[in-house]
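Encoded as structure tokens, the structure appears first; notes follow it.
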Amino acid sequence: MNDCYKLSCASVFGASAIRASWLKIAVFGLVLVLMRVSNANTAPCFDDTQQAYDYLIAQEEAKVQARDNATININTASEGELVSLHGIGSSKAQEIILYREMFGRFRAVEDLTKVKGIGAKTVEDNRSRLSVQD
């Protein structure tokens, strides 16, 4: 006679523990589905393609405006942040970062004119957005 026992999850953990685990999984899945359906960040539905287009353009303009109004700390700014300044392209942004790495932190916004290719006009055009504080 073979004395092997067949083990199942129910015999090892108990049937009630398995039911409770499956119930927790089912509830979690339902919560995820409800969160997906009621996501507040989803775009509204439109009946007209022009309305959808206008909505997307307005969203993009809001992002650009927020980016263009953000204050930039020239002592910590990345190249991507620096190129959002008026008159600063990729090469000038790299020059600013190189200058900062070689000579240390800027003490005043006006020190930006010490960077090759950055003049007083560029500093004045961007003064409201420039900062040297942490």
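The values are calculated or read from the model by the stated rules, or taken from the named source; none is laboratory data. The model shown is predicted, which means the values in this text are computed figures rather than measured ones. Neighbour counts are summed over all protein chains in view; Cβ atoms, including those assigned to glycine, are modelled from backbone coordinates with ideal geometry. These accessible areas exclude ligands, DNA and RNA; they are computed on the full protein's heavy atoms, side chains included. Shrake-Rupley method; radii C 1.70, N 1.55, O 1.52, S 1.80 Å.
When residues in region 53-69 are screened for being of a type in the set (D, E, K, R) and over 15 Å from VAL83 (Cα atoms), 4 of them pass. Residues considered: ASP134, ASP68. Of these, the only one that is open to solvent by less than 80 Å² (accessible area, probe 1.4 Å) and at pLDDT below 90 is ASP68. For VAL123, the requirement of being of a type in the set (A, V, I, L, M), buried (at least 17 other Cβ atoms within 10 Å of the Cβ), modelled with pLDDT of 95 or more and over 29 Å from the mean Cα position of the chain (by Cα) is not met. Limited to region 87-99, what total is found for residues that are more than 18 Å from ASN69 (Cα to Cα) and surrounded by fewer than 18 Cβ atoms within 10 Å (Cβ to Cβ)? Final tally of qualifying residues: 6. Taking the condition among the basic types (Lys, Arg), surrounded by fewer than 12 Cβ atoms within 10 Å (Cβ to Cβ) and in contact (Cβ under 8 Å) with a residue 12 or more places away in the chain, does ARG107 pass? Yes: the conditions hold for ARG107.
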